[in-house]
1. With a/c under 1.5 counting as rounded, go ahead and sort the range 78-163 into rounded, prolate or oblate using the C-alpha gyration tensor (a ≥ b ≥ c being the square roots of the eigenvalues; past the cut-off, prolate if a/b is larger than b/c, else oblate).
2. So for SER70, SER187, SER97, SER133, fewest C-beta neighbours within 10 Å to most, what's the order?
3. Running a GNM on the chain with Cα contacts under 10 Å, which residue among ASP39, ASP188, ASP245 ends up with the highest mean-square fluctuation?
4. Quick one: grab the alpha carbon gyration tensor of the range 21-97, order the square roots of its eigenvalues as a ≥ b ≥ c, and give me rounded if a/c is under 1.5, else prolate or oblate depending on whether a/b is larger than b/c.
5. Could you give the C-alpha radius of gyration of the chain expressed as a fraction of 2.2 N^0.38 Å, taking N as the number of residues it contains?
6. Could you work out how far apart the two model spin labels at ARG22 and TRP147 are, taking each label as a point 7 Å from the Cα in the direction of the beta carbon, and quote it in nm?
7. What aspartates and glutamates could a cross-link reach from LYS160, if we take a straight Cα to Cα line under 15 Å and drop same-chain neighbours fewer than 8 places away?
8. Let me check I've understood the local charge: for ALA197, count other residues with C-beta under 14 angstrom from its C-beta, Lys and Arg +1, Asp and Glu -1. What total comes out?
Amino acid sequence: MPAIPLQALIFDVDGTLADTERDGHRIAFNDAFREAGLDWRWDVPLYGELLAVTGGKERIRHYLQGAHPSLLMEPGIDARIAALHQAKTRHYVELVSRGGLPLRPGVARLIQEARANGLRLAIATTTTPENVSVLLKHSLAPDAVDWFEVIGAGDIVPAKKPAPDIYRWVLDQLGLPPEACLAFEDSDNGLRASRGAGLATIVTVNDYTVDHDFTGATVVLSDLGEPTQPFRCLSGDAGSAVCADLRALRHWHSTARGR
Ligand code: XBP
Ligand code: MG
């Protein structure tokens, strides 16, 4: 059977395009809590634990289960969580609009190279759509939202990562089989979602995810790398590549398909 060529790249956002969690989402959650007169504070280690649950509303609920379980019994708690989360999104958008979150190494380079070579681009993320748009606009390029043919974000599917639903939704919108694509992820939950949808996956780790179990990833890298700032390959075969360019991606795509 002829090999299916690589046709599309599907990117996670948080932790993959930029280190948004510690210095973005976490700060915005705390700002929303403060604004609502709550003394809840999510410090860096606690936030690392809370990241086990994806989705901001789901994360607040998970926090309350441990810290303030009685609040979950109160009438109107769903609306209260939703309002807090809306305020958090407003704070996050403000923070990112100030140019507060740079992209990770190699992200802009790879996306530009993919565009120049006619690869299709998509996003599969758990975060809220506004958060994706503001990051692409302020950290990549003013018109970068238009570079992505499909943006799957937030509550568009009810079951968030590690469920594969968001990736399946994106593949359906692209009209492509998973074998024609590569996914980019930074976390165990993200990898379970992409692999669950049958996608070969490149992982780039960050401080919160470096100790996660990435069994099933095609390759695990420190970051996507630049020609002058090589990545470190933590697992898998990077051959002679120093950065994740299209040549390396095509190699990983073809070896992953053979498995
Ligand atoms: C991202 C998330 C999100 C963000 C917050 O996971 O878990 O919850 O932390 O986003 P992934 P919202 O990178 O695996 O998609 O508050 O907008 O939900
Ligand atoms: Mg992520």
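Only the coordinates and a few stated rules stand behind these numbers; no lab work does. Here the structure is a predicted model, which means the values were calculated and not measured. Cβ atoms come from the backbone with ideal geometry, glycine included; neighbour counts cover every protein chain shown.
1. Working: a/c = 2.64, a/b = 1.50, b/c = 1.76.
Oblate shape, in that a/c is at least 1.5 and b/c is the bigger or equal ratio.
2. Details: SER70 7, SER187 26, SER97 12, SER133 17.
Going from least to most buried by this count: SER70, SER97, SER133, SER187.
3. Of the options given, ASP39 has the highest mean-square fluctuation.
4. Judged from the Cα gyration tensor, the range 21-97 comes out oblate (a/c at least 1.5, b/c at or above a/b).
5. On the way: Rg = 18.3 Å, N = 259, 2.2 N^0.38 = 18.2 Å.
So the chain has a normalised radius of gyration of 1.01.
6. 2.6
7. The qualifying aspartates and glutamates are ASP12, ASP14, GLU58, GLU185, ASP188.
8. Numbers: positive: LYS160, LYS161, ARG168, ARG192, ARG195; negative: ASP12, ASP165, ASP172, GLU179, GLU185.
Net charge around ALA197: 0.
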